[in-house]
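In what follows, a structure is listed as structure tokens, so that the remarks can point back to it.
The values are calculated or read from the model by the stated rules, or taken from the named source; none is laboratory data. This one's a predicted model, so the numbers in the text were calculated from it and none came from an experiment. With ideal geometry, Cβ positions are generated from the backbone for all residues, glycine too; neighbour counts draw on all protein chains shown.
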Amino acid sequence: MTQSLTDQVSRFPEKPGIYLMKDATGNLLYIGKAVNLKSRVRSYFSDTHDGRAQIRGMMRLLDHIDLIVTNNEAEALILEANLIRKHKPKYNIELRDDKHYPYLKVTVQEPFPRLLVVRRVEKDGARYFGPYTDVTVMRRMADYAKRIFRLRDCAKNLPLSKASRPCINHSMKRCCGPCAGSVCAGDYRSHVDDLIMFLKGRRNDLVKELEERMSVASAELRFEDAAMYRDRIGLIKNASRLQRVDLTVADTDCDVFGIAVGVRETSLAILHFRGGLLMAARNFLFTRDNWDFAEKSRDHILLQFYIEENREIPREIVVPDNAGFSQSVLQGWFDGQKLCAKVTIPQKGTMRQLILMAEKNALSYLEQKAPPNALRDIEDLQIALSLPILPRVIEAFDISNLGESFAVAGMVQFTDGKPNKSAYRRYKIKSVDGQNDFAMMMEAVSRRLRRLEDEGGQFPDLLLIDGGKGQLSAAMEALKNFENQPLIASIAEKENILFSPCINGSLTLPQTHPARKLVERIRDEAHRYALSYHTKIRGRQFTRSSLEELPGIGKVRARLLLKHFGSIKRLTEAPVSEIASVRGFSEESAAKLKDAIIGRAASPPLPLS
């Protein structure tokens, strides 16, 4: 932090407002809001920003900071959203999805409007509905709408100076024939108004209105008109089934926001419900860097959506808990705009189910657009540990034992971030007496590298040791016996702290850091593999293999003894008479077995289960 910036920030007011970070040429880097401008901006200089390299990059470019003071946080929020929309700074989130979903366009600016499917929203006076992520449902809706409201589908410039012969759509009762003068502009406009109500999701209101018209037509003996209204009501109900969601409140009007957090990206899904119908859905993908950067100012994302889209705001805005949205700040903005929208964070019930539905959509979009990238994880690990080469081949070691017994080591290999199970190896510890994990690690690493050296194999790029400084030092001691030494690192199991001679001290990465997740995945696989081998050996030692070492005992007799006594401990404590009761044993053979067991107890004892 330069002295000039220090002096500038020290004079900032402790009031709500907007701060605009700029480089030396005056270009905007970032726009943010704050309840306390002085405190918020000062935090950028006191935080180390570990794991968020983009902030450090921005701070290196920062030359000066401009302020706009507001009366309250709600004013700051809307100002922030408008400025981000206008200037699109490099380090702010840009609310933009990656494709143009279709819209339904009603050309209300024309004397006889049409219903069109378009990909872009233009400022031409028309009404737009959407976007629709499910194109099949959208086209089926458009087809229903044309059948229900009988709007024209042609591109003629109406009204014509002279009536013409109508097209086949008029004969099929899919158009009311304005080109032939079969309907006046006023009646046609009423069809358009009904269509707009239909597309806005006001299906229940529309059905009630049509039912009233049907009753009036029937009372006035206009049975043909009554039949038309009846058919129209039926088509509306059929169309609504395409979008019906199982809600306990049938006329729910709300926008539901859901968030899914990935390793590098965050997905935002927005579901639009009108009259209990899912009218449309939107999905956005942000890099985690930008999302994390804006964690204290996420409310503007929601406002940016409504300002950008210029869409109708529903009665209820439903946002998830613990996602960085401030219910009070957002509600204050809607109230300040005199909009009858209620911001809710549901914990249970129907709205909670809708949140879960939105989050499921966000997760699905995240998995589709941002699949795992193992090679990028390795690159992040190289950067985090300051490794001189990219560790494409990583071998991880883990020790598993039970006190001083059954000590084994497991080694797993990951190539380009994926397990290479054909290269897995396991070792019985041979040269270490007692419980000395450090010496066991030295033996396992030495035996692995010695075998590779003797066979002319390729050393791994990185050795990953399960443990802290002690295990790392033991493994490094083993490396001294080899000319070509691989890189090495360790991870402490409880604290998940990384150690490596390539960095000073230790390294603690954020829980969501891709490199940390990669290391934990490799460490856990090494632990699983070593433990499975340890369990296998211990189980084998505790069963009939020990008995088979005794004279006169084969596989069949060992199985019969264990079946009768249940464990070697009970067999050892049993009298000769009980052993003789086992099928295949006599008093003489039982006595010999008992003598053999007693003789073994005087030297190395049988393991007891």
Has region 501-514 got at least one residue that is touching a helix residue (DSSP H, G or I) at 6+ places or on another chain (Cβ under 6 Å) and either part of a helix (DSSP H, G or I) or under 21 Å from PRO419 (Cα atoms) (or both)?
yes
Whether any residue in region 105-117 is modelled with pLDDT under 80 and surrounded by fewer than 19 Cβ atoms within 10 Å (Cβ to Cβ) is what I want to check.
no
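Quick check on this structure: which one of GLN413, GLN382 is farther than 14 Å from ALA526 by Cβ, in the same structural domain as PHE499 (by TED's automatic domain parsing) and surrounded by fewer than 22 Cβ atoms within 10 Å (Cβ to Cβ)? Give the steps one after another, and end with the answer.
On the way: GLN413 fails: farther than 14 Å from ALA526 by Cβ.
The unique qualifying residue is GLN382.
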What residue, among those in region 532-573 that are modelled with pLDDT of 80 or more and in the same structural domain as ALA409 (by TED's automatic domain parsing), is farthest from ALA407 (Cα to Cα)?
SER532
If ILE307 passes every condition in (1) surrounded by fewer than 22 Cβ atoms within 10 Å (Cβ to Cβ); (2) modelled with pLDDT of 80 or more; (3) among the β-branched types (Val, Ile, Thr) but one, which one does it miss?
(2)
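Check whether at least one residue in region 315-326 is on the phi < 0 side of the Ramachandran plot and more than 23 Å from the chain's Cα centre (by Cα), and report yes or no.
The answer is yes; a qualifying residue exists.
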Is it true that some residue in region 502-513 is under 21 Å from VAL412 (Cα atoms) and in the same structural domain as ASP437 (by TED's automatic domain parsing)?
no
Pairs please, first residue from region 198-215 and farther than 13 Å from ASP231 by Cα, second anywhere and surrounded by 20 or more Cβ atoms within 10 Å (Cβ to Cβ) and β-branched (Val, Ile, Thr), Cβ atoms under 6 Å, 6+ apart in sequence or on different chains.
ARG203/ILE236
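Does region 9-23 hold any residues that are surrounded by 15 or more Cβ atoms within 10 Å (Cβ to Cβ), over 16 Å from ALA74 (Cα atoms) and of a type outside the set (Asp, Glu), and which are they? Don't jump to the end; show me each part of the working.
If we filter region 9-23 for residues that are surrounded by 15 or more Cβ atoms within 10 Å (Cβ to Cβ), which is where we start, we get 9, 12, 15-23.
Filter again for over 16 Å from ALA74 (Cα atoms), leaving 9, 12, 20-23.
VAL9, PHE12, LEU20, MET21, LYS22, listed by residue number.
With respect to LEU116, determine if the residue is of a type outside the set (Val, Ile, Thr), touching a strand residue (DSSP E or B) at 6+ places or on another chain (Cβ under 6 Å) and not assigned by TED's automatic domain parsing to the domain that holds LEU278. Steps first, please.
Details: of a type outside the set (Val, Ile, Thr): yes; touching a strand residue (DSSP E or B) at 6+ places or on another chain (Cβ under 6 Å): yes; not assigned by TED's automatic domain parsing to the domain that holds LEU278: yes.
Here the answer is yes, as LEU116 does meet what is asked.
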Out of region 144-179, which residues are assigned to a helix (DSSP H, G or I) and in contact with a helix residue (DSSP H, G or I) (Cβ under 9 Å, 6 or more places away or on another chain)?
TYR144, ALA145, LYS146, ARG147, ILE148, PHE149, ASN169, HIS170, PRO178, CYS179
